[in-house]
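Single-structure report; data block below.
The values are calculated or read from the model by the stated rules, or taken from the named source; none is laboratory data. Computed from a predicted model, the values in this text were never measured in an experiment. Don't worry about glycine lacking a Cβ; one is built from the backbone with ideal geometry, like all the others, and counts go over all protein chains shown. Just the protein is used for accessible areas: all its heavy atoms, side chains included, with ligands, DNA and RNA removed. Shrake-Rupley method; radii C 1.70, N 1.55, O 1.52, S 1.80 Å.
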Amino acid sequence: MTDVEMRRIGAGRVTLHDARRRIRRDVELEAFEIGVYPVTEDVFAEMLGIAVSHPRRPVIEVSWTRAIRFCNALSEWEGLDPAYRFDGTDVTWDADSDGFRLPTEAEWEYACRAGSNAPQYGPLDEVAWTALDGVRSPQNVGGKLPNLNGLFDTLGNVWEWCWDLLDPARYGDYRVFRGGGFSDDAWSVRASVRRGGAPGGGADDIGFRVARGASDDPERAQGWSLSADRERAVQDGPLPIGWTPLR
């Protein structure tokens, strides 16, 4: 099995910004581990027994749900308790599990920033594959400079799925992806930018990287909270202009 190289990120604090609700919140994080690279085609293919075309490129066209299942498969391969439980299409995170999982938004942004408060942790042409490079597909991981945490491609190359819901009041079960992709302009390739999509969907510029780290509270961990998700799903009063009713 191809190893998944991980980096330990020490405990700390990160400020998250919800632009629609105009809310900023500080999140205290426990130490955790996160992949040095996005999951590559060779790692994904070897685990799931499928063909590979570009071994060192980030895997793409992978849905949030499939990324979650990959995390469980990797945990089982390594003899760890899986982090996720499935009930039909519903997914529950066992936050006290030490198995592989997707990072929370807070973990992702904290790991990406690596102590920087700037939109990007370095000159974009040096640290990220973006529209500036004129490429037409994801590039091999590690081709640009890492951040100060030793992580490659957190900005650019491919967007990366996170655990969190995007905005449940407006978008239902859409999940967050972060970081920007190879065809995005600089405005989208920033540590704070949030995008999202349906958990069953994928795209040619969305991949993921794995994380590990257990919490004592199964309903609140690393900036995520089940109760907060439920509160955010409530929209009182008439729908704002431009909103489409959830089905």
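For the reader, a short list of remarks on this structure follows.
- Per-residue extension of 0.36 nm, minus the Cα-Cα distance of Arg8 and Asp98, leaves a gain of 31.0 nm for this segment.
- Burial order of peptide ranges 213-225, 103-115, 180-192 (average beta-carbon count within 10 Å, highest first): 103-115, 180-192, 213-225
- Once backbone amide H atoms are built at 1.01 Å from N, Trp163 has Thr104, Glu105 as its partners under 5 Å, excluding neighbours fewer than 5 places away on the same chain.
- Other residues within the sphere of radius under 14 Å centred on the Cβ of Gly79, judged by their own Cβ, net out at -3 (K and R +1, D and E -1).
- Charge tally for Ala19 (other residues, Cβ to Cβ under 11 Å; Lys, Arg +1; Asp, Glu -1): +3.
- Sequence-distant residues sharing a close amide H with Tyr84 (under 5 Å, placed H): Asp94
- Think of the chain as a dipole: +1 on every Lys or Arg Cβ, -1 on every Asp or Glu Cβ, centred on the Cα centre; then among Gly202, Leu239, Cys71, Leu239 lies furthest on the positive end.
- Euclidean distance of C-alpha centroids, segment 158-179 and segment 214-247, integer Å: 11 Å
- Inter-label distance, nm, simple model (7 Å from Cα along the C-beta direction), Arg25/Glu126: 3.6 nm
- Solvent-accessible area per residue, Å², over the chain with all protein chains present [probe radius 1.4 Å]: 49 Å²
- Within the accessible area of the chain (1.4 Å probe), percent carbon and sulfur: 46 percent
- Summed side-chain charge close to Asp94 - residues other than Asp94 whose Cβ falls under 11 Å, Lys, Arg +1, Asp, Glu -1: -2
- Each Lys and Arg Cβ is given +1 and each Asp and Glu Cβ -1; about its Cα centre, segment 1-114 then shows a dipole of about 720 debye.
- The label point for Arg195 and the one for Thr15, both projected 7 Å from the Cα toward the Cβ, are 2.6 nm apart.
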